[in-house]
1. Please verify whether the stretch 514-522 includes one or more residues that are at pLDDT 70 or above and within 20 Å of THR431 (Cα to Cα).
2. What pairs can you find where one residue is in the stretch 222-235 and within 21 Å of TYR171 (Cβ to Cβ), the other is outside any helix (DSSP H, G or I), and their Cβ atoms are less than 9 Å apart, with a gap of 6+ or different chains?
3. Considering (1) within 23 Å of TRP453 (Cα to Cα); (2) open to solvent by less than 30 Å² (accessible area, probe 1.4 Å); (3) of a type in the set (Asp, Glu), say which one GLU569 fails and leave the rest.
4. I need every pair where a residue in the stretch 122-137 that is part of a helix (DSSP H, G or I) has its Cβ under 7 Å from the Cβ of a residue that is open to solvent by 100 Å² or more (accessible area, probe 1.4 Å) and at pLDDT 80 or above, sequence separation at least 6 or different chains.
5. Just to be sure I understand, how many residues within the stretch 387-402 are surrounded by fewer than 23 Cβ atoms within 10 Å (Cβ to Cβ), part of a helix (DSSP H, G or I) and not hydrophobic (A, V, I, L, M, F, W, C)?
6. On the basis of being at pLDDT below 95 and assigned to a helix (DSSP H, G or I), does LEU223 make the cut?
7. Taking the condition of being open to solvent by 80 Å² or more (accessible area, probe 1.4 Å), assigned to a loop (DSSP other than H, G, I, E, B), of a type outside the set (Asp, Glu) and closer than 28 Å to ARG304 by Cβ, how many residues in the stretch 577-627 meet it?
8. Under 6 Å between Cβ atoms, which residue pairs at least 6 apart in sequence (or on different chains) link something in the stretch 280-296 that is on the phi > 0 side of the Ramachandran plot and open to solvent by 20 Å² or more (accessible area, probe 1.4 Å) with a partner that is at pLDDT below 95 and of a type in the set (Ser, Thr, Tyr)?
Amino acid sequence: MRRRLAASALLALAAAAAFRRCLPAPLFDAPFSPVLLGRDGTLLDARIAADGQWRFPPSAARAPKLEEALLHFEDKRFYSHRGVDPLALLRAARQRAETGRFVSGGSTLTMQVIRLSRKDRPRTLREKLIEAVLAARLEMSLSKREILALYFTHAPYGGNVVGVETAGWRYFGRPPERLSWAESALLAVLPNSPALVHPGRRRGALKEKRDRLLASLAEAGKLSPLELKLAALEPLPDAPRPFPELAPHLLDTLASGAGGRVRSFRTTLEPSAQRAAVAVVERRSEALALHGIRNAAALVVDNRDRSVIAYVGNSRRTDFRESGFAVDVARRPRSTGSLLKPFLYAAALESGETTPATLIPDVPTQYLGFAPENYDRTFRGAVPAREALARSLNVPAVRMLWAHGVARFRALLKGAGMTTLWRDADGYGLTLILGGAEGTLWDLTRMYANLAWIAGSTAEPGKTPYRELRLLAGDPETLRTPVEFGPGAAWLTLQALMEVSRPDEEAHWRNFSSAQRVAWKTGTSLGHRDGWAIGTNGRYTVGVWTGNAAGDGRPELTGSASAAPILFELLGRLGPGEWAKKPSWDLKEIEVCESDGFLPSEGCRTVKQAVPFTARFERPSPHFRLVHLDPTGRWRVNDGCESVLRMRHEVRFALPPAQESYYRRRAPEYRPLPPLRADCRETGGSERGPIAFLYPHEGSRIYIPVDLGEKRGKVVFEAVHSRSEALLHWHVDGTYKGKTEAFHQLALDLPPGEHRVTIVDEQGRSASRRFTILEKDTVAQR
């Protein structure tokens, strides 16, 4: 007897252990579809699951109407049974005996969840018993709500549509929680006969099943008579709706970064802004494609909370087979062109290196063999810093970076969120400001959005943290290292960027009182491989990149021609901007010379200039000189050739010869100093020399190329004189080489080695430069 009891006990223990372990883990291993949702939950994009099914991840939102309809149709006692409903089984058996067939299966929702997990095996009595056992075990492991969620996630809804979340969007274009009673009833009966949803397949039978359920719900008091009448009038969906494809590149980027976990991404994108951005980029890209510019990307940021409200990763959403359309170029590093200049300008203002009005030299320049050129291959002599930024002049920018320091500027950019600075400062050198570095549209748009945010903030300089962009709803705000400039410098920078010339179609924007004020900047990379435009109207920041994903350049590919029109159309669709007030608390006014923006010296007319409050600009004007003239005022004189009593004394604005030579061509109001009278001699060191070299620079190392005919080229020397009619004589290594008049250029064939060039005017005044002509082998080794 004891042995039997012991054996029974062991058998019971074994059965209990088997029952405990009988439930597969996980219950479902089917893959999900990556899904992208907007800020309001609107479906923006989706990808089919790895098994070829449209199966959306479950949502945390409840759908009360759908739950009510489903339980009323499938399992009225769902919340009272423990996985198996004996009453339902007895009813099914009685119906089988009365009709000779199964009218209802007697399965509970829990049992149906088990059947779905077992891939719809043959419906035999043995399988039914297995489902009942596993259902009872499932009820011990999960709550009723969790079991209901499994059913909603894995139930079939016709074709390759799986799950109620998928079905809501596929058939009605809405999530389940926003469905009507008629739509909810349809989804409740559909898993029972999923093939009926297809057009032409007994649609009347499907509507009849839906309406019967609606009538039953009304009898149970769930619907009012009016609700029943209106619900019955709703038609069935005509056909499955195509899922939207509004942000495929963003969805792929997010899915690839999810660590293999497929999920539904709730983003900050605003559906209306996303649709508008996609339409603008695609339409503009069709025109650009005629010029061989195949790819484009755009971002739109709401400056108030730094949330991304539109994200277009490439110019085409379909046909990814060619032209790099599958690439999310918004996240790919590309040459920045001139886009970093505003940040150097802001840093230079904050540190007191310049003011917006300070003249920056714009003449032929060379630093350690690097000779920058402006986009139009011309020079302006000298330009105010704000104009140099607005015109995106390269030579003044390089000179400002040389004064500020490459390492210091690189550190500022990294703190501002530029994640692609992989080389050290020496690796970039002065090219950093002209596109020598690569940046992503994501990083650069964030930096400009933060510039606009800083201009309206109340934080102190050095305590203003950069904010990360927000893309996923619910993500906390992430702060970066504080930047070294504050609201005052940021505001002055944006003021300068408002003076950038707009593209041709926007050229007359000032004629319209409703036109937006936009601070914006373009960038074009070397070889015309990238065209950028990033701008802000205070409320929004828009970033645009155009180019070819493969990297090939096109002559028409410039920031102003290809990217700026997209920028302004997007800003126009977004609505009016909201500029922050002038941060007067972080600005102060100083007196500067009206002509050059330096601190006043004797004789200059002064104006007020706003600068950052903490800036210590301490550079007096070097351009105002006390000039001694003869009684007629036509000639400069000195005490060696004219009586002091007969002299006229004036303070004149005079630029150095090299700057003056270019400046006077664009400034007809500029008055050069009168020439020295013929009977007068220069007094030692009292006057600056009238001669200046434009090329070569002191210590230049020059390589002379050889053409295809093996003919060696020549070195072209260039100089300027304060008198346009001056005659200059050229000497190289003591040997006379020729003379020039008016335009002082001379081409010479010189052998390799060190040389010295000297130029002398008619009055014996001279200037010299040392340089080296390189051997061909030396250049090859370098």
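The values are calculated or read from the model by the stated rules, or taken from the named source; none is laboratory data. All values derive from a computational prediction rather than experimental measurement. Note: ideal-geometry Cβ built from the backbone for every residue, glycine included; neighbour counts use all protein chains shown. In case anyone asks, the SASA skips ligands and DNA or RNA and just uses the protein heavy atoms, side chains included. Shrake-Rupley method; radii C 1.70, N 1.55, O 1.52, S 1.80 Å.
1. Yes: one or more hits.
2. Cβ pairs passing all conditions: LEU230/SER180; ALA231/SER180; ALA231/LEU223; GLU234/SER180.
3. The failed condition is (2).
4. Pairs found: ALA136/ARG82.
5. Within the stretch 387-402, residues that are surrounded by fewer than 23 Cβ atoms within 10 Å (Cβ to Cβ), part of a helix (DSSP H, G or I) and not hydrophobic (A, V, I, L, M, F, W, C) number 3.
6. Spelling it out, it is not the case that LEU223 is at pLDDT below 95 and assigned to a helix (DSSP H, G or I).
7. 3
8. Partner pairs satisfying both residue conditions: none exist.
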